[in-house]
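The values are calculated or read from the model by the stated rules, or taken from the named source; none is laboratory data. Since the structure is predicted, the reported quantities are computational estimates derived from the model, not experimental observations. Please note: Cβ atoms are built from the backbone with ideal geometry, for glycine as well, and neighbour counts cover all protein chains shown. The accessibility values were calculated without ligands, DNA or RNA, using every heavy atom of the protein model including side chains. Shrake-Rupley method; radii C 1.70, N 1.55, O 1.52, S 1.80 Å.
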Amino acid sequence: MTFSTIKNYFLAILILLIIPCVMPEVMAQSVGVGTTNPNSNAALDVVAPGNNQGVLLPRLTGGQRTSMSLGSTERGLIVYDTTDNLFYYWDGAQWIAGLGDSSGTFQNLAFNQATALLSIENGNSVDLSSLINDADSDPSNELITDVRLNGNILEIEENGLIYTLDLTPVINIGTDDQQLSLAGSVLTLEDGGAPIDLASLGYVTTSDDADADPTNEAITDFRITATDIEIEENGVLAGSIPLSGLPTGTDDQQISLAGSVLTLEDGGAPIDLASLGYVTTSDDADADPSNEAITDFRITATDIEIEENGVLAGSIPLSGLPTGTDDQEVTEFVLSGVNSSILQLTLEGDGTGQKTVDLHNISFPAASDLSGTIGTAVVKDGAINSQKILDGSIETADIQDGAVSNVKISDLDPSKLNQAGASVGDLLRWDGTQWAPATTAVVPVASYYSIDPSDFTGVYRQNFANSENNVLIFESDNSLVTIKDETLGRSIYAPVHLPHGSVVQSITMYFMDMHGPPVKLGLFERSFGSGQVDLGGGLNANENGPGIFTATLNGPFVIDNQNHTYMIGIDFNIAGITNQLSDAEQGIYGIVIEYITP
């Protein structure tokens, strides 16, 4: 802005301030800023000499604007709201967003049914033909249940299906706060414009809604009577579907067994089950019907399957039975007698009562673990082996007192306990793999291996190189090992030299913790030339001061010095630098490992 422009603006403002006081008659004239020839219709005509400037009106936040005390005399007051980034003017009673009169700027929507074009006044058109989904070309049976505007998206809901239309292309630049409303099938704008009857699109109709009220259309119940399916709508019977076209007839015949002949009550060719090899008195080798047992039988789509002691023994085809429907159910199915060889069953609606079938003469198949017939079933030699007895399946409660006699124990072959056998007078000792002879009984005795603070060495965090300078040992009433700087490495390790074959029982750590985050203890097994395995350990409880922590191991571990090396690892959680004993936040007084030697 040039000095001349600034001067002109300053003079114009000065004139506006003094004219009301000294020249009342001049107030009827126009005042120009940046021009010597102001517009006569304007009280103030501001011109940008360079045509590159504007007028800055007062800028207020939303809170500042709404806190102003205004009345009808301030009608026409204009400010710019920096919170909403909008101009507001006062209409004498309220703030109106945007510039213009209180009625706003309105546009009209129009719809051409012949072309399916939706147009907006002073704008373009959108083709709505893609939204018309009328498979039967009958607009009288379409129903729009809701229409709503979501941002710039018009959403039309038809019987639960939602169609969308992007109105962005037809939105004119400016402000238009009109509301859309739906009355029946007519869509209108709040402040005018031609209404649109959506029924013409094939979406809204009253031809399939007797009371023109879409809110009371609902199936609340349906049921099957003796002859029809009845449909109820809002508690009122709406109609029924006859079932007369379905296959007719009910079949409640009774099935009966006389000897080996199976017959139906109302006719049909009887079936002699003896001819199928399932019911007979000639296949009972011991002539004892009490030891025959069918454990299950079932009807499939085409056969009756008979199961003997968990094994499918055979099936009876049903193809020879009379066709039709028979919806009877077996209401009772009981196996009784010796070896469950007597089958008792009752059929639904059978007036003759319970039926009994003697199954004792049925023989077991060759692949079965049982031999003989159901009435004389015995377990074959070798049928029950270790593969068929799951670990823990036989408990003390399963073995009756006296069931295992001294004779059974005296006849026990030593090879069952030890493949190499044992001599008379030998004691058997478990060596971790098998039972082996031993001349004397060995009772393991606990031994202890201790680790002194001076046994530990440190590890750099960056490259795990040896870092003796980061390990500190303080001598006082009780020696203590810790680390100097956690950033150089937080871990220390000590080798473990236990006898080969010994079994680790527990690890106890004597420690000091004044810091809070726990000290981590671990026992590690390293294979030669490969990685290490964490055998167990844990975190000590956070104790303020000296403490004792015994690690929880995953189980006893056998030391194998032939293939591995072992070490104890400690991880500290120290925040500061340790230069003297009073700085130490955590430390280890010693480690004790309990082990036994078989």
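Scanning the range 492-502 for residues that are open to solvent by 20 Å² or more (accessible area, probe 1.4 Å) and closer than 20 Å to F549 by Cα returns Y493, P495.
Within the range 558-580, residues that are over 24 Å from P518 (Cβ atoms) have Cβ atoms under 7 Å from residues that are of a type in the set (S, T, Y) in these pairs: I559/S502; I559/Y566; N563/S527; H564/S527, counting only partners at least 6 apart in sequence or on another chain. Return yes when P58 is within 22 Å of V31 (Cβ to Cβ) and either touching a helix residue (DSSP H, G or I) at 6+ places or on another chain (Cβ under 7 Å) or touching a residue at least 60 places away in the same chain (Cβ under 8 Å) (or both) and no when it is not. Here the answer is no, as P58 does not meet what is asked.
Only one of A48, A28 is more than 30 Å from I196 (Cβ to Cβ), at pLDDT below 90, surrounded by 12 or more Cβ atoms within 10 Å (Cβ to Cβ) and of a type in the set (G, A, S). Can you tell me which? Just a single option satisfies the conditions, and that option is A48. Being open to solvent by 70 Å² or more (accessible area, probe 1.4 Å), at pLDDT 85 or above and polar (S, T, N, Q), is that true of even one residue in the range 574-592? No, the range 574-592 contains no residue that is open to solvent by 70 Å² or more (accessible area, probe 1.4 Å), at pLDDT 85 or above and polar (S, T, N, Q).
Of all residues in the range 515-529, those that are aromatic (F, W, Y) and surrounded by fewer than 19 Cβ atoms within 10 Å (Cβ to Cβ) total 1.
Within the set A269, A287, the sole residue that is aliphatic (A, V, I, L, M), surrounded by fewer than 17 Cβ atoms within 10 Å (Cβ to Cβ) and at pLDDT below 70 turns out to be A287. Restricting attention to the range 192-210 and to residues that are farther than 16 Å from L118 by Cβ and open to solvent by 70 Å² or more (accessible area, probe 1.4 Å), the residue that is modelled with the highest pLDDT turns out to be A210.
Within the range 133-141, is there a residue that is modelled with pLDDT under 70, open to solvent by less than 70 Å² (accessible area, probe 1.4 Å), on the phi > 0 side of the Ramachandran plot and in a loop (DSSP other than H, G, I, E, B)? No: zero hits.
Selection within the range 313-359: residues that are acidic (D, E) and in a strand (DSSP E or B). The member of this set that is modelled with the lowest pLDDT is E332.
A search for C-beta distances below 6 Å between a residue of the range 258-275 that is within 16 Å of I304 (Cα to Cα) and any residue that is of a type in the set (S, T, N, Q), counting only pairs 6+ apart in sequence or on different chains, returns T263/S256; L264/Q253; P270/T263; D272/S260; L273/S260; A274/S260; A274/T280. Among residues of the range 219-237 that are at negative phi, those with a Cβ under 7 angstrom from a residue that is at pLDDT below 75 and among the small types (G, A, S), sequence gap 6+ or separate chain, pair up as T227/S244; E233/A218.
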